[in-house]
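Here's the structure we're looking at; comments come further down.
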Amino acid sequence: MEQQSLFVRALKHPDSREEAFSSLVSEYKERLYWHVRKIVIDHDDANDVVQNTFVKIHLNIESFKENSSLYTWMYRIATNESLNFIKTKASKIGLKNQEWIESLAEGLIADSYFDGEEADLILQKQVAKLPEKQRIVFNMRYFDKMNYESISEILETSVGALKSSYHHAVKKIKIQLSNEI
Amino acid sequence: MKYKNHNPFMVPKGYFNILEEKLLKKTKINLNANAYKIPKNYLNELEKEIIKKTLKISNRKNNTKLKSSLLALTGIAVSITLFYNIFTSKDPIIIEKEEVFEDFVESYYMEDLNTYEILSMLDENDIETNLKYSPKPKYEN
């Protein structure tokens, strides 16, 4: 924690900011990219969102109060950015968020940046059918193997609610998968 | 339950739990090996792009600060000059009567006043009440 404080101080100080920010990008770019990619699905969209996320982090680092870990704070920004992105993009085309995500998952088969097998494709399509929050919780818990406490901090939701969300998501996917086969 | 009632086919006990486990295990392995792909060298390019963007923002921020400081300084300078000119000027401004009249005439043409408006500006004394007119000329045969 003390190490983080020193690092945050370096990020906040004008003289050391650029160097500290560069190492922050180097450290977290991949993790944040994959987190965002699983939410927005498309690579180009994920690229836009992850860049906006880091720009926001850079702009708002002075307002970071250290009530949570830097990592949690960044994940929260990335999650919000992803959800806002989906909202904007879907409304531009006149679709609901969920419809937009489902259409992206349907198109994964033709996506040059997706080379999963049929089972991957089926699972992704089923995950896309989940309500937004359940989908994020499922991604974080199932694919990223994050513990409930971390997810709870990032999404600012109680552990109990998250467990219930994940349980419902798994149950739905289970039913949908059994219907698919 | 409804589906079960109308479904003549049966599966071994606990089949769907095993199936789920098998499927999830399979997809987990595949997805951990990353079914989603990214372009070659993308992450390095991403880092460069982010640094470039944030540097641009920092420079813009600094320029804005400099601009607002310059603007404030200019404002102060203008205020001082105005203050000095207004309160330290010793020669009072004298306006000649003729100048005022000329201004009036000028504004008459500029503002395009009509006769009634001009009339309303005049005092009652200025208006002649006895109209002088020439009688009709007489034509001789």
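Based on the reciprocal of the average 1/r between different C-alpha atoms, the Kirkwood radius for region A:1-152 equals 16.6 Å. Taking only the Cα atoms of region A:116-181, the ratio Rg/Rh comes out at 1.00, with Rh defined as the Kirkwood radius.
Listed from fewest to most Cβ neighbours within 10 Å, the set A:ASP115, A:ASP42 follows the order A:ASP115, A:ASP42. Mean partner shielding of peptide A:171-178, defined as the number of other chain Cβ atoms within 10 Å of each residue Cβ, is 3. In chain A, the longest principal axis of the Cα atoms and the axis of helix A:97-106 are about 70 degrees apart.
Going by how many other beta carbons lie within 10 Å of each one, how would you line up B:SER69, A:SER82, A:SER22, A:SER63, fewest first?
In increasing order of surrounding Cβ atoms, one gets A:SER63, B:SER69, A:SER22, A:SER82.
Helix A:159-180 and the longest principal axis of the C-alpha atoms of chain A enclose an angle of approximately 30°. The GluC sites (Glu not before Pro) of region A:133-181 that meet both conditions, a loop assignment by DSSP and at most 14 other Cβ atoms within 10 Å of the site Cβ, are A:GLU156.
Applying the Karplus relation 6.51 cos²θ - 1.76 cosθ + 1.60 with θ = phi - 60° to region B:66-76 yields 3J(HN,Hα) values of 4, 4, 5, 5, 4, 4, 5, 4, 4, x, 4 Hz, where x marks Gly and Pro.
Coordinate-derived values only; no laboratory data. Predicted model, so just to flag it, every value in this text is computed and none were measured. Here the Cβ is made from the backbone with ideal geometry for all residues, glycine too, and neighbour counts use every protein chain on show.
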